[in-house]
Amino acid sequence: MINKKDLIYVAGHKGMIGSAIIRKLKKKGYINLIYRTRKQLDLLGAKETYKFLLKYKPKFIFIAAAKVGGILHNSNHSADFIFENLSIQNNLIHGAYKAKINNLIFLGSSCIYPKNCKQPMNENDMLTGKLEPTNEAYATAKIAGIKMCESYNKQYNTNYKCLMPTNAFGPNDNYDPLNSHFIPALIRKLHIIKVSKTKKKLVIWGNGKAKREIIHSDDIADACVFFMNKKKIPNLINIGTGKEYSIEQYAKIFSKYLNVNPKIIFDKSKPNGMKRKVMNISLAKKFGWTSKKSIKEAVVSTYRSYLNEK
């Protein structure tokens with residue numbers, strides 16, 4: 001059990017998930033939090049990272065730091081994705097072990113599962129098939145992080161846990177038109193239509209038939225704090241809502257809640273990605289955790305934060 005006064009380090013505190021974890025910890029009464037910007041601490045440096053961990057010796061670490069991006073950015077910068085993500089997680093996990101820090105949560109992604117994985121995706125499905133090519137480098141790095149935590153637990157008796165969230169969205173997301181994920185890209189496009197007097201067409205990549213599960217970053221943060229205080233759990237646990245919609249349905253749902261009525265056009269020259277991607281969350285439920293936010297609440301609050309961040 002982590003005491004309310006114990007020192008907790010959140011790596012990646014400025015990102016969508018990291019900032020959500022900070023908000024959740026503060027709301028729960030954890031007052032001794034530590035974090036660093038990239039200028040203050042470059043997690044790509046092993047020596048620098050270890051010196052930091054050895055100096056402060058946090059009781060718990062959340063690894064929410066990562067290089068992330070959408071299909072196009074992943075495809076065009078695969079070397080950057082695999083190098084930076086492997087470096088960040090290696091330095092933090094091994095640095096924590098060397099500094100005798102036995103408790104951490106490593107955050108991954110549902111893209112660790114095979115492209116043609118049976119649905120819904122179970123924790124045991126990892127490494128049972130080929131990955132989706134458009135994010136293979138990122139997924140490979142995350143799989144390595146999971147296996148690293150598993151190996152350290154086995155050899156060194158550490159308590160390193162891995163949570164795999166489904167597609168996330170929320171405050172502090174990346175809305176860049178070239179390298180954002182589907183949901184922030186959708187919000188940005190709908191906002192442009194909403195404020196424009198002439199632009200009324202919403203262009204969606206692919207044919208709109210691919211199915212996805214999404215989750216608000218506040219729910220992921222809630223899961224992180226919940227499992228932080230669980231002593232013995234399986235090495236890998238899926239975090240999701242268990243609900244899925246097609247890309248076309250999401251476009252209509254978000255349009256409705258943002259009060260926009262665009263003409264939806266599908267760019268079939270662009271890739272769909274996986275045909276279907278939904279998590280089996282029965283293990284998380286078994287330990288007592290479920291998502292809290294309704295899709296309407298999640299969409300409306302995220303758009304509100306988008307307007308504040310602009």
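When region 250-286 is filtered for residues that are basic (Lys, Arg) and in contact with a helix residue (DSSP H, G or I) (Cβ under 7 Å, 6 or more places away or on another chain), only LYS277 remains. The requirement of being in contact (Cβ under 8 Å) with a residue 24 or more places away in the chain, out of contact with any Lys or Arg (no Cβ under 7 Å at 6 or more places or on another chain) and farther than 19 Å from CYS111 by Cα is satisfied by HIS191. Answer yes or no: is there a residue in region 51-72 that is buried (at least 16 other Cβ atoms within 10 Å of the Cβ) and of a type in the set (Ser, Thr, Tyr). There is no residue in region 51-72 that is buried (at least 16 other Cβ atoms within 10 Å of the Cβ) and of a type in the set (Ser, Thr, Tyr). In region 296-305, is there at least one residue being in contact with a Gly (Cβ under 8 Å, 6 or more places away or on another chain), crowded, with 16+ Cβ neighbours inside 10 Å and under 30 Å from LYS130 (Cα atoms)? No, region 296-305 contains no residue that is in contact with a Gly (Cβ under 8 Å, 6 or more places away or on another chain), crowded, with 16+ Cβ neighbours inside 10 Å and under 30 Å from LYS130 (Cα atoms).
Scanning region 213-268 for residues that are of a type in the set (S, T, N, Q), over 17 Å from GLY170 (Cβ atoms) and assigned to a helix (DSSP H, G or I) yields GLN249, SER255. Of ASN235, ASN272, ASN259, all but one fail to be touching an Asp or Glu at 6+ places or on another chain (Cβ under 6 Å), surrounded by fewer than 19 Cβ atoms within 10 Å (Cβ to Cβ) and touching a residue at least 60 places away in the same chain (Cβ under 8 Å); the exception is ASN235.
Counting only helices (runs of 4 or more DSSP H) that sit wholly inside region 3-116, those with at least 1 residues that are touching a strand residue (DSSP E or B) at 6+ places or on another chain (Cβ under 8 Å) and over 25 Å from LYS154 (Cα atoms) are 16-27, 46-56, 71-76. Residues in region 109-136 that are crowded, with 23+ Cβ neighbours inside 10 Å and either in contact with a Ser or Thr (Cβ under 6 Å, 6 or more places away or on another chain) or modelled with pLDDT of 95 or more (or both): SER110, ILE112, TYR113, MET121. Quick check on region 185-206. Is at least one of its residues touching a helix residue (DSSP H, G or I) at 6+ places or on another chain (Cβ under 9 Å) and within 24 Å of ASN280 (Cβ to Cβ)? Looking for residues that are touching a helix residue (DSSP H, G or I) at 6+ places or on another chain (Cβ under 9 Å) and within 24 Å of ASN280 (Cβ to Cβ), one finds none in region 185-206, hence no.
Within region 72-95, the set of residues being in contact (Cβ under 8 Å) with a residue 60 or more places away in the chain, farther than 13 Å from ALA137 by Cα and touching a helix residue (DSSP H, G or I) at 6+ places or on another chain (Cβ under 7 Å) comprises LEU92, ILE93. Yes or no: LYS270 touching a Gly at 6+ places or on another chain (Cβ under 9 Å), within 25 Å of GLY206 (Cα to Cα) and among the basic types (Lys, Arg)? When the stated conditions are applied, LYS270 passes them. Residues in region 140-162 that are buried (at least 21 other Cβ atoms within 10 Å of the Cβ) and touching a strand residue (DSSP E or B) at 6+ places or on another chain (Cβ under 9 Å): LYS142, GLY145, ILE146, CYS149, TYR160, LYS161, CYS162.
ASN167 fulfils the conditions (1) in contact with a strand residue (DSSP E or B) (Cβ under 6 Å, 6 or more places away or on another chain); (2) among the polar types (S, T, N, Q); (3) modelled with pLDDT of 95 or more; (4) surrounded by fewer than 22 Cβ atoms within 10 Å (Cβ to Cβ) except for a single criterion, (3).
The values are calculated or read from the model by the stated rules, or taken from the named source; none is laboratory data. Not measured: the values here are computed from a predicted model. Backbone-built Cβ (ideal geometry, glycine too); neighbour counts: all protein chains shown.
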